[in-house]
Every structure is written in C-alpha cells, then in structure tokens.
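**Q** Below is the structure I would like to discuss, written out as structure tokens.
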Amino acid sequence: GENVEQHPSTLSVQEGDSAVIKCTYSDSASNYFPWYKQELGKRPQLIIDIRSNVGEKKDQRIAVTLNKTAKHFSLHITETQPEDSAVYFCAARGNTGFQKLVFGTGTRLLVSP
Amino acid sequence: GAVVSQHPSRVICKSGTSVKIECRSLDFQATTMFWYRQFPKQSLMLMATSNEGSKATYEQGVEKDKFLINHASLTLSTLTVTSAHPEDSSFYICSAGPEDTKLFFGSGTQLSVL
C-alpha cells in the first residue's frame, strides 16, 4: 500500500521567513495530494491540494509543488505569520480505494514573532 | 468547504462500557466516510472505511468487534467503541467529502476511559 514520509518533524522560523515542508510517497499511481493544517485540539483543515496532472498550485501565501518522477511534493509558506503555527500533514491518495488518504507523520511549525 | 459534524466532542467513561460516536455530513450525501484515530502529537491513522448500506472495511490491526461501525444512511455513520479500556483512550475523528477527492473532517471526539 501507499506510504507517505514527511520532513521535518519540527520547523521553527521567524515571522516573515518562508517555510518548506517535504513529503515523499511510494505509490506511483497516487493522483491526489492534499495538505492539512491542524491547530491544537482542533480538526485538520484542508489548506491546499494538488492533482497529479499539475506541477504547481498557489493560493496566496501557500503553494504546493509536485514532482511525479521523484514522487515527492512540498508545501511552501511565504511571509509566515504567528497564526501559521500549527501541525501540518501531507497526504496522498493511493490507488486502492475511493478517497482513501494516507497521511504523513506531520510537521510542527512554530513561527516566532 | 463541506461540513462534517461529529458528536460528542468529549466523553469520559468507565472501563468496560461502550461509547458511541456520531459523524454526520450536513450539506452533502456521503456514501463513504472514514474513521481515524490520533494519539497525542502523532499522525492520523485510518481505522476503517464506512460504507453506506454495507459492511465497513477495517484496516489491518483494527479489531472490527471492538470498533463497530454502522453507516445506515447517506448522512450518518457511527463508531461504537465496545467494552472500552484505558488503552482505547484517544482522539477519534471522522471524515467525508462531497466528491471523490476532497475530504473534510469532523471536530473529533476525545475519549478518556477511566
């Protein structure tokens, strides 16, 4: 089945800096890659997603890039703000079932003022 | 995004009792819902896929007799933790989506078994 690895596990940046979180996946048939943000004690929120037929997608300060050949995708946050502090999870939809997502291990992002 | 409602948000129970958690899709129909478990500071681990009108599909290592799933309608799935024990204490969260890709999560249920 699909396996998703995520790095780094923790990331500390200064406000205004950029943050990059990287994920790799194992199933070359995976075709959908969402990113979720989870604040402490709350539900994961979908922040951006990308399909396998697109190499890059951007939404204001957030962007995701996908390299299908290397089987990795990354989340880029520019001009970070303290409210960006949270745990971020990447995920991949394998080729084994309807909507089934496999999640990475998460990255705890801390943005210091 | 689509709205997924989950209740209760928090439950404390005695060891040996059963606990039912409800997951509802409020503004769309969901033939499939997913149940995850999350330990503190860890990732979301898929427990089972809930299928409307048929049996749930459980992930490897998840006891189907321990975690009963019922998906009786297109907007409701329930997870019952039977004969709960302290090791079942965790954050349980459901998800569903109105299309074949985007998934939205319920607010989660923090279960504490004494």
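**Q** With r as the distance between the Cβ atoms of A:A70 and B:S107 and R0 = 35 Å, compute the FRET efficiency 1/(1 + (r/R0)^6) and round to 0.05. Present the calculation step by step, with values, prior to reporting the outcome.
**A** Details: r = 36 Å, r/R0 = 1.03.
For R0 = 35 Å, the calculated efficiency reads 0.45.
**Q** Pop a pseudo-label 7 angstrom from the Cα along the beta-carbon direction at both A:K58 and B:I12 and give the gap in nm to one decimal.
**A** With each label point 7 Å from Cα toward Cβ, the separation is 5.0 nm.
**Q** Mind putting together the pair-distance distribution for the range A:18-79? All Cα pairs, 5 Å bins, whole percent per bin, short to long.
**A** 4, 17, 30, 23, 17, 7, 2, 0
**Q** Hey, another quick one. Using a Förster distance of 35 angstrom, determine the FRET efficiency expected from the C-beta separation of B:T80 and A:Q14, and round it to 0.05.
**A** 0.15
**Q** Once ligands and nucleic acids are excluded and a 1.4 Å probe is used, how much of B:T57 is accessible, expressed in Å² to the nearest 10?
**A** Around 70 Å² of this residue is reachable by solvent.
**Q** Return the Rg/Rh ratio of the range A:1-53 with Cα-based radii and a Kirkwood Rh. Kindly include the intermediate steps, with their values, before the conclusion.
**A** On the way: Rg = 13.3 Å, Rh = 13.3 Å.
Result for the range A:1-53 is an Rg/Rh of 1.00.
**Q** Could you pull out the pairs from A:K22/A:K57; B:K20/B:K41; A:K57/B:K102; B:K20/B:K66; A:K37/A:K68 whose alpha carbons sit more than 20 Å apart here?
**A** Beyond 20 Å: B:K20/B:K41; A:K37/A:K68.
**Q** Rg and Dmax of the range B:31-76, Cα atoms, in Å?
**A** Computed over the Cα atoms of the range B:31-76, radius of gyration and Dmax are 11.2, 34 Å.
**Q** Just the number: Rg to Rh for chain A, Cα atoms, Kirkwood Rh, two decimals.
**A** Working: Rg = 13.5 Å, Rh = 14.0 Å.
Over the Cα atoms of chain A, Rg/Rh equals 0.96.
**Q** Considering just Cα atoms, how many Å³ per residue does the convex hull of chain B enclose?
**A** Output value, Cα hull per residue: 96 Å³.
**Q** If you take every DSSP beta bridge fully contained in chain B, what fraction is antiparallel? Give it as a percent rounded to 5.
**A** Roughly 90 percent of the beta bridges in chain B run antiparallel, per DSSP.
**Q** Compute from the Cα atoms of the protein assembly as shown the Rg and the Dmax, the latter being the longest Cα-Cα distance, and quote both in angstrom.
**A** 17.7, 51
**Q** Also, I was wondering about something else. Assuming 0.36 nm per residue, please report the length gained on full extension of the stretch B:V3 to B:E22 beyond their Cα-Cα distance.
**A** Working it through step by step, the gained length comes to 5.5 nm.
The values are calculated or read from the model by the stated rules, or taken from the named source; none is laboratory data. None of these values were measured; they are calculated from a predicted model. Methodologically, a virtual Cβ is constructed for each residue, glycine included, from the backbone with ideal geometry; neighbour enumeration extends over all protein chains shown. Heads up: the accessible areas ignore ligands, DNA and RNA and are worked out on the full protein's heavy atoms, side chains in. Shrake-Rupley method; radii C 1.70, N 1.55, O 1.52, S 1.80 Å.
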